[in-house]
């Protein structure tokens with residue numbers, strides 16, 4: 001993710017200009033925005049659209065790097081179609097909600113390889129039901145003690161099958 005202090009340089013500047021140029025349909029861009037954002041107060045939708053735009057910029061940079069040219073209108077249109085499926089839109093909203101909760105992806109570019117590390121930060125640990133403050137463990141322990149006491153009582157009262165008591 002870009003921080004406020006970062007700026008576009010080199011390939012990013014070309015990709016950014018291609019992104020904002022009128023080369024691809026205005027309707028397609030508006031359709032993705034309309035699908036992700038339900039209104040001015042839809043913070044999750046606005047963040048989801050921002051994530052979509054960041055992914056699109058990353059795609060444009062990678063496309064330019066691999067093909068040594070900007071994508072044509074048909075290629076951009078294909079990208080937008082793929083990114084505006086219901087599943088992808090739901091993923092963008094899910095990532096936005098996770099980001100708001102502090103569990104979003106920590107996207108940092110690596111060293112010279114330029115690879116991106118998508119590790120989830122501050123992920124909440126998974127806990128079993130009732131595991132807070134050891135309540136589940138205490139209940140299990142008490143249950144085990146009760147079963148043991150009952151077993152000893154029946155063994156003393158009725159004997160253990162197959163063992164003849166000494167006389």
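Below, the figures for the structure above:
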| item | result |
| --- | --- |
| Failed condition for residue 135, given (1) in the same structural domain as residue 30 (by TED's automatic domain parsing); (2) surrounded by 10 or more Cβ atoms within 10 Å (Cβ to Cβ); (3) modelled with pLDDT of 60 or more; (4) on the phi < 0 side of the Ramachandran plot | (1) |
| Residue count for segment 42-59, restricted to those that are closer than 11 Å to residue 93 by Cα and part of a helix (DSSP H, G or I) | 10 |
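Matching residues to (1) surrounded by fewer than 16 Cβ atoms within 10 Å (Cβ to Cβ); (2) assigned by TED's automatic domain parsing to the domain that holds residue 105; (3) more than 22 Å from residue 105 (Cα to Cα); (4) within 17 Å of the chain's Cα centre (by Cα):
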| position | (1), (2), (3), (4) |
| --- | --- |
| 39 | yes, yes, yes, no |
| 47 | no, yes, no, yes |
| 54 | yes, yes, no, yes |
| 60 | no, yes, no, no |
| 71 | no, yes, yes, no |
| 74 | yes, yes, yes, no |
| 77 | yes, yes, yes, no |
| 82 | yes, yes, no, no |
| 93 | no, yes, no, yes |
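The values are calculated or read from the model by the stated rules, or taken from the named source; none is laboratory data. A quick note: this is a predicted structure, and the numbers were derived from the prediction, not measured. For neighbour counting, all protein chains shown are included, and Cβ atoms are generated from backbone atoms with ideal geometry for every residue, glycine included.
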